[in-house]
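Step one of this worksheet: look at the structure below.
The values are calculated or read from the model by the stated rules, or taken from the named source; none is laboratory data. These numbers were taken from a predicted model, which means no experiment stands behind them. Neighbour counts are summed over all protein chains in view; Cβ atoms, including those assigned to glycine, are modelled from backbone coordinates with ideal geometry.
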Amino acid sequence: MIEFTTWDIIRNLLLATRWTVLLSLVSFVGGGTAGLLLLFLRISKRKALRGFARYYIELFQGTPLLMQLFIAFFGLGLFGIDVPAWLAAGLALILWTASFLAEIWRGCVEAVAKGQWEASASLGMGRFQQMRYIILPQALKVAIPPTVGFSVQVVKGTALTSIIGFVELSKAGTVVTNATFQPFTIYGLVALIYFALCWPLSKSSQILERKLNVAHRNH
Amino acid sequence: MSYHFEFSWLLQYYPQILKGILITLELIAIGGVLGISLGIICAWTRALGPAWLKPVVAGYVELIRNTPFLIQLFFIFFGLPSLGLQLDELTAANIAMVVNLGAYSCEIIRAGIQATPRGQFEAGASLAMTPFETFRHVVLVPSLQRIWPALSSQVVIVMLGSSVVSQIAAEDLTFAANFIQSRTFRAFEAYIVSTAIYLVLAILLRQVLGILGRVIFPGRLAR
């Protein structure tokens, strides 16, 4: 049997952390883009588009992420596509992230005073121009703290992709545990690495929120 | 697409599915009640508790909120036995859910307590209530009512998150889906059906919590 030193364990876990970080970034950027699209649908003037976005959000927020991963992993295979774990993981996480971000951002758009819509409409702006120049810039300020806060959920969500066989931090933890029989140490280390990734995000979200509140109080 | 969907196995495997649903419900019932209780205790500690205990609770909340539930579960189920604490899978799942929900509900309840006007504490004291009585009757109940919607959403999130406990072989709904999948190789159908069941459970749970909120806090004005 190969002996693992503590350094070997930490090195292996840190190497796998790269995949956790990469998957988180892909999910967050992809989910943000899809979420923006979904936001436009959700606040569209057409009833059918609004309805679609509502059901989409209800579906993805009302079912476990793990099930979504399983369906992406096994379901896409039905179409004759050979689905590697990373593709299923990325796809499911993007769709899941989009549903949450769209709903968070909808709240922020609705927080913009109604008069802003009316004022911009009275200037002859179209729906898209209103969003682009008037509403989104104002909503953005309110949106940043909860969006940063949600990124923590994305990082934690990537841990589930280990179950469909994507080798990231959690999977590496399991693999190393099976080789060394030190679950206490290794899962403890894995938890610490996740904490090191997530805590700065949580903290900055809190600080941004406090700053925003102070800014609002001075109005 | 040459694949033929086939759902007739559902009849054959309904005992497994039913058992899975019951275990998922049992987990969230126990996890919900104990988790929120733990959250109340932690929120009290952070708001009014002894000074030395506050950083401990804060550390616990931050640690749980910034690590994945899966890792918490693995740590409890695989890690703790090396300290001599052997747990069966359902107990481990229950503990993990209580610990997880406890941290989240602590933050939610604390927000409710912080929103209580200072004068309420003073009013309680002026009626010769002990600090505990003031907390119990004057602060906690209105706070809980204020944050009940947020707390309900968190309970639903934890219920959906509980699908992970299948990974330590706790026989919940996801475990049933995996079992059927491995028996019939009908992965897609197994997961679609269990996903639909989860969706129904989530919607029902939200309704039940809404009704529960109205029962626990009857006739109180919003805010």
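Look at residue A:59 and say whether it is assigned to a helix (DSSP H, G or I), closer than 20 Å to residue A:165 by Cα and within 14 Å of chain B (Cβ to nearest Cβ).
No.
Could you check the range B:155-185 and list, in sequence order, the residues that are touching an Asp or Glu at 6+ places or on another chain (Cβ under 6 Å), outside any helix (DSSP H, G or I) and surrounded by 20 or more Cβ atoms within 10 Å (Cβ to Cβ)? Please lay out each step first, then the result.
Quick first cut of the range B:155-185, residues touching an Asp or Glu at 6+ places or on another chain (Cβ under 6 Å) only: B:165-166, B:168-170.
Checking the rest, the ones that are also outside any helix (DSSP H, G or I) come to B:169-170.
Once the filter is applied, which keeps residues that are touching an Asp or Glu at 6+ places or on another chain (Cβ under 6 Å), outside any helix (DSSP H, G or I) and surrounded by 20 or more Cβ atoms within 10 Å (Cβ to Cβ), the range B:155-185 yields only B:170.
Tally the residues that are among the hydroxyl-bearing types (Ser, Thr, Tyr) and over 15 Å from residue B:41 (Cα atoms), restricting the search to the range B:98-133.
Residues meeting the conditions: 3.
Give me the residue from the range A:120-161 that is in contact with a helix residue (DSSP H, G or I) (Cβ under 9 Å, 6 or more places away or on another chain), among the small types (Gly, Ala, Ser) and at pLDDT below 95 and, out of that set, surrounded by the fewest Cβ atoms within 10 Å (Cβ to Cβ).
A:121
Given the options A:165, A:157, name the one that is in contact with a Lys or Arg (Cβ under 8 Å, 6 or more places away or on another chain) and closer than 19 Å to residue A:69 by Cβ.
A:165
Among the residues of the range A:65-89, how many are part of a helix (DSSP H, G or I) and either at pLDDT 80 or above or away from chain B (no Cβ under 12 Å) (or both)?
16
Could you list all residues from the range A:1-32 that are under 21 Å from the mean Cα position of the chain (by Cα), surrounded by 14 or more Cβ atoms within 10 Å (Cβ to Cβ) and of a type outside the set (A, V, I, L, M)?
Correct list: A:17, A:19, A:20, A:24, A:27, A:28, A:30, A:31, A:32.
Going through B:30, B:23 one at a time, which residue ends up being at pLDDT 95 or above, assigned to a helix (DSSP H, G or I), away from chain A (no Cβ under 13 Å) and touching an Asp or Glu at 6+ places or on another chain (Cβ under 8 Å)?
Working: B:30 fails: touching an Asp or Glu at 6+ places or on another chain (Cβ under 8 Å).
Result of the check over B:30, B:23: B:23.
Can we say residue B:147 is modelled with pLDDT of 95 or more and either within 11 Å of another protein chain (Cβ to nearest Cβ) or touching a Gly at 6+ places or on another chain (Cβ under 8 Å) (or both)? Break it down into steps so the answer makes sense when it comes.
Values: modelled with pLDDT of 95 or more: no; either within 11 Å of another protein chain (Cβ to nearest Cβ) or touching a Gly at 6+ places or on another chain (Cβ under 8 Å) (or both): yes.
Spelling it out, it is not the case that residue B:147 is modelled with pLDDT of 95 or more and either within 11 Å of another protein chain (Cβ to nearest Cβ) or touching a Gly at 6+ places or on another chain (Cβ under 8 Å) (or both).
Within the range A:166-219, restricting attention to residues that are at the interface with chain B (Cβ under 10 Å from one of its Cβ atoms) and outside any helix (DSSP H, G or I), which residue is surrounded by the most Cβ atoms within 10 Å (Cβ to Cβ)?
The selected residue is A:182.
Name, by its number, the condition in (1) touching a residue at least 12 places away in the same chain (Cβ under 8 Å); (2) at the interface with chain B (Cβ under 8 Å from one of its Cβ atoms); (3) out of contact with any Pro (no Cβ under 6 Å at 6 or more places or on another chain) that does not hold for residue A:159.
Of the numbered conditions (1) touching a residue at least 12 places away in the same chain (Cβ under 8 Å); (2) at the interface with chain B (Cβ under 8 Å from one of its Cβ atoms); (3) out of contact with any Pro (no Cβ under 6 Å at 6 or more places or on another chain), the odd one out for residue A:159 is (3).
Under 7 Å by Cβ, and 6 or more places apart or on different chains, what pairs join a residue from the range A:111-130 that is under 29 Å from residue A:213 (Cα atoms) and among the β-branched types (Val, Ile, Thr) with one that is surrounded by 13 or more Cβ atoms within 10 Å (Cβ to Cβ) and modelled with pLDDT of 90 or more?
A:112/A:135; A:112/A:138; A:112/A:139
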